[in-house]
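So the structure is just underneath, and the comments pick up after that.
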Amino acid sequence: MQPPRVHGMLSSRGLQGLTLREIFQDEFAHAPSRYTHRYTLKGDDMPLRYRASKDGCMVIHELVSNAVKHGCFSVPDGWLDIEWMIQGDDLRVVWHETGMSGVKAPEKLGFGSRLLQMLPNARVNREFRDTGLWLEYLVPTSIAIDGGAETNREEG
């Protein structure tokens, strides 16, 4: 579920999309952990389409929530590196948690895993490495990146 503030952010812009950096920074600022300042963000401030902003907020909220509960933000030495770029016809986002030990894949399929599978245009590669989660999220740029005001407002 998206935090209610996302709708306010989108509305205050006349329903124009947000950038990934804005979405990540907002989510970290509101995360309930004293460790959420331990991250790096690397990528251009490209505007997302309206729908991609909404979907992105939902996915990022879930990833940050899981990092707070079970991942890198749940331990004193945890760290998160996030990088995004255009790769071919895709927007590629890499989420890489480190500073943990003994990380294993969950035994049950949780809400976050189901959420990632529900978005039909996204491809997800996920590895539970010993030191933390590594995740690659790929979305076609044609539906993710705002190419101009005339394509910005997507319904749904």
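What whole-number volume per residue, in cubic angstrom, does the convex hull of the C-alpha atoms of segment 29-156 give?
Spelled out: Cα convex hull of segment 29-156, divided by residues, is 113 Å³.
For segment 87-147, what is the accessible area per residue in Å² when the probe is 1.4 Å?
57 Å²
Which residues in segment 25-41 have a backbone N closer than 19 Å to a point placed 7 Å from the Cα of residue 111 along the Cα-to-Cβ line?
Once the point is set 7 Å along Cα→Cβ of residue 111, 27-33 turn out to lie under 19 Å by backbone N, inside segment 25-41.
Would you kindly state how much longer the chain becomes between residue 124 and residue 74 on full extension, computed as 0.36 nm times their sequence separation minus their alpha carbon distance, in nm to one decimal?
15.7 nm
When the accessible area of segment 41-156 is computed with all protein chains present and a 1.4 Å probe, what percentage of it is carbon and sulfur?
Answer for segment 41-156: carbon and sulfur cover 50 percent of the accessible area.
Would you tally the net charge around residue 92, using a Cβ to Cβ cut-off of less than 11 Å, leaving residue 92 out, and scoring K and R as +1, D and E as -1?
-3
What list of ³J(HN,Hα) values in whole Hz, one per residue of segment 44-50 in order, does the Karplus curve 6.51 cos²θ - 1.76 cosθ + 1.60 (θ = phi - 60°) give from phi, with Gly and Pro shown as x?
Each residue of segment 44-50 in turn: 5, 7, 7, x, 8, 5, 4 Hz.
The values are calculated or read from the model by the stated rules, or taken from the named source; none is laboratory data. Since the structure is predicted, the reported quantities are computational estimates derived from the model, not experimental observations. Neighbour counts run over all protein chains shown; Cβ positions are idealised from the backbone, glycine included. Quick note on the areas: whole protein, heavy atoms, side chains included, nothing else; ligands and nucleic acids left out. Shrake-Rupley method; radii C 1.70, N 1.55, O 1.52, S 1.80 Å.
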